[in-house]
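Visitor: So that we are looking at the same thing, I have put the structure below in structure tokens.
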Amino acid sequence: TYHEFEKLRDQFESEKWFSGRNLLLEDLADTLKFNSINCKEAITNIKSYQPDLVIVFGTGVIKKDFIDACPGLILNLHGGDPESYRGLDSHLWAIYHKDYEKIITTIHLLDDKLDNGAIILKGKIEIDNNTSLISLRSKNTELCIKLAQAVIDMFSRNKSIISSPQLKKGRYYSAMPSDLKSICLKNFEKYTKSLRL
């Protein structure tokens, strides 16, 4: 599934956010490492920590044992619209299908089914004629931060979260093969060029 554009994307993000340095999470914040989010040690830790909110970003499948152990709400940041695209590489699949209106980001309640929980907020990623596929993931990440901040503010004010059930269940997609990513590069370039008109 690896494509050369991903190396360029990683370099772009490193330059944009970290002046080209290769930083790890532990360089920026206190961290705990586990073999799996679903392992016994992670479950014991989340029980003892007693968080009001957990926000998940770029994590693999979280199983019911972990969800049940968390006393607060678990929210998932999904790079896509789960009512159309669930699973992996959602933005790329939207681009592959030329479904550019679905290049959005969602924060939803997490449950034990993949990208299935009630939706709290959605935001459209701003794309203009200077947006490249290399920069799209950084735009998604920055929108994720804004959505997370809005939900944290909501929870801080109200001690609750307002959400709405998903109206439909999007198709599940796995990691996109490399040859289809080449098609996405062409589709996206053609789309952004059309925004100049």
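Visitor: For the stretch 36-62, which residues satisfy the criterion of being in a loop (DSSP other than H, G, I, E, B) and touching a helix residue (DSSP H, G or I) at 6+ places or on another chain (Cβ under 8 Å)?
Guide: Hits for the stretch 36-62 are Ser36, Ile37, Asn38, Asp52.
Visitor: Looking only at the stretch 142-151, decide whether some residue is assigned to a helix (DSSP H, G or I) and of a type in the set (Lys, Arg).
Guide: Yes - at least one qualifying residue is present in the stretch 142-151.
Visitor: From the list Asp89, Asp65, Asp128, Asp153, which residue is out of contact with any strand residue (DSSP E or B) (no Cβ under 6 Å at 6 or more places or on another chain), within 23 Å of Lys169 (Cα to Cα) and open to solvent by 20 Å² or more (accessible area, probe 1.4 Å)?
Guide: Matching residue, one of Asp89, Asp65, Asp128, Asp153: Asp89.
Visitor: Looking only at the stretch 9-51, which residues are of a type in the set (Asp, Glu) and open to solvent by less than 100 Å² (accessible area, probe 1.4 Å)?
Guide: Asp10, Glu13, Glu26, Asp27
Visitor: Name the single residue, out of those in the stretch 112-125 being of a type outside the set (A, V, I, L, M), open to solvent by less than 50 Å² (accessible area, probe 1.4 Å) and assigned to a loop (DSSP other than H, G, I, E, B), that is nearest to Gly72 (Cα to Cα).
Guide: Gly117
Visitor: Moving on to the next point. If you check Gly58 against the conditions, is it open to solvent by 60 Å² or more (accessible area, probe 1.4 Å), modelled with pLDDT under 95 and small (Gly, Ala, Ser)? Explain how you work it out, then say what you get.
Guide: Working: open to solvent by 60 Å² or more (accessible area, probe 1.4 Å): yes; modelled with pLDDT under 95: yes; small (Gly, Ala, Ser): yes.
It is true that Gly58 is open to solvent by 60 Å² or more (accessible area, probe 1.4 Å), modelled with pLDDT under 95 and small (Gly, Ala, Ser).
Visitor: I need the full set of residues from the stretch 29-41 which are at pLDDT 95 or above and over 21 Å from the mean Cα position of the chain (by Cα), in order please.
Guide: Matches in the stretch 29-41: Cys39, Lys40, Glu41.
Visitor: Out of the stretch 68-85, which residues are open to solvent by 80 Å² or more (accessible area, probe 1.4 Å) and small (Gly, Ala, Ser)?
Guide: Result: no residue meets the conditions.
The values are calculated or read from the model by the stated rules, or taken from the named source; none is laboratory data. Keep in mind that this is a model prediction, so the values were computed, not measured. Neighbour counts run over all protein chains shown; Cβ positions are idealised from the backbone, glycine included. Note: areas computed on protein heavy atoms with side chains; ligands, DNA, RNA excluded. Shrake-Rupley method; radii C 1.70, N 1.55, O 1.52, S 1.80 Å.
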